[in-house]
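Just below is one structure, and these are the notes that go with it.
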Amino acid sequence: MVVGEGSSRWGRWRVGVAISCAVVAVVGGGGVVAVWRLGLFNWDGRFEDLDACELMPEAEVLAPLVSNGRREPGESKPRSFLGLGGDTWSECKWSSVPTRVDRPFRTVRVHVQTKHAATDRNGPEVAADALQNWYDSRVRRGAQVTPVDVGEKGYGVTDKASFVVIVARIEVFDVHAKFRVSNAVVDVSARTHDEPGVKERAQVEGLAKTVAARLDTFG
């Protein structure tokens, strides 16, 4: 009788332990899945939050692009949406001095987005989606987007805007080379009031390659 009671108690204890372990495994597994879905176990990519002015080449590299160029004032440190964390962006500009001079460009700009892991995608995948979405959007709107040999994937496009001031019509052209390296999406652009040609587009692509080379030193 005593032996039977002991065996029964031992059996109940083993069942209880097994059930407890199963519950912990299910709850723990669910927690792991939830955390993974939030992207906390995913790889962010090669880069921490990037500062665009650290990617901007030296003044001597920019000298053939802008007349006596100077960096425009303003904070370039990476910022996120409403300061809430996640993906960040940063921008840096150099402009001709005096203003209103295009030799061949009035302003050059580096804009960088640093993408981070989200849900079931890692940082480079998020960056690749962002670049692809930009490409699809520009093509849908009729822009002539062409591949450029910069980074892991890159595109070139020229934007044109027209303004009427009093009786004068002003045209502005922005030549872009936009590319991705790991979890960084970089837009290198140059603005001019003279319609750019093959030479000017090649200059912007060359500047983008210099920026990409500087970026590689960060990873």
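Each reported figure results from applying straightforward, stated rules to the coordinates on display, with no laboratory input. These numbers were taken from a predicted model, which means no experiment stands behind them. Heads up, the Cβs are rebuilt from the backbone with ideal geometry, glycines too, and the neighbour counts pull from every protein chain shown.
Give the peptides 99-110, 191-202 in descending order of average Cβ contacts within 10 Å, highest first.
Values: 99-110: 18.8, 191-202: 14.7.
Descending packing order for the listed peptides: 99-110, 191-202.
For region 117-219, calculate the relative contact order in percent as a whole number, restricting contacts to Cα pairs under 8 Å that are 6 or more residues apart.
Numbers: 149 pairs, mean separation 23.7, N = 103.
Relative contact order, region 117-219: 23 percent.
In 5 Å bins starting at zero, report the fraction of Cα pairs in region 142-219 per bin as a rounded %.
P(r) for region 142-219, in whole percents per bin: 3, 15, 25, 20, 14, 10, 6, 4, 2, 1, 0.
How high is the FRET efficiency between Arg100 and Lys199 when r is their beta carbon distance and R₀ equals 22 Å, given to the nearest 0.05? Show your work: numbers first, answer last.
On the way: r = 21 Å, r/R0 = 0.97.
Approximately 0.55, to the nearest 0.05.
Cross-link candidates for Lys153: which lysines have Cα within less than 17 Å, leaving aside residues fewer than 8 places away along the same chain?
Filter leaves Lys115, Lys178, Lys209.
Mind checking which aspartates and glutamates have their C-alpha under 15 Å from Lys77, skipping anything on the same chain fewer than 8 residues away?
Partners found: Glu48, Asp49, Asp51, Glu54, Asp87, Glu91.
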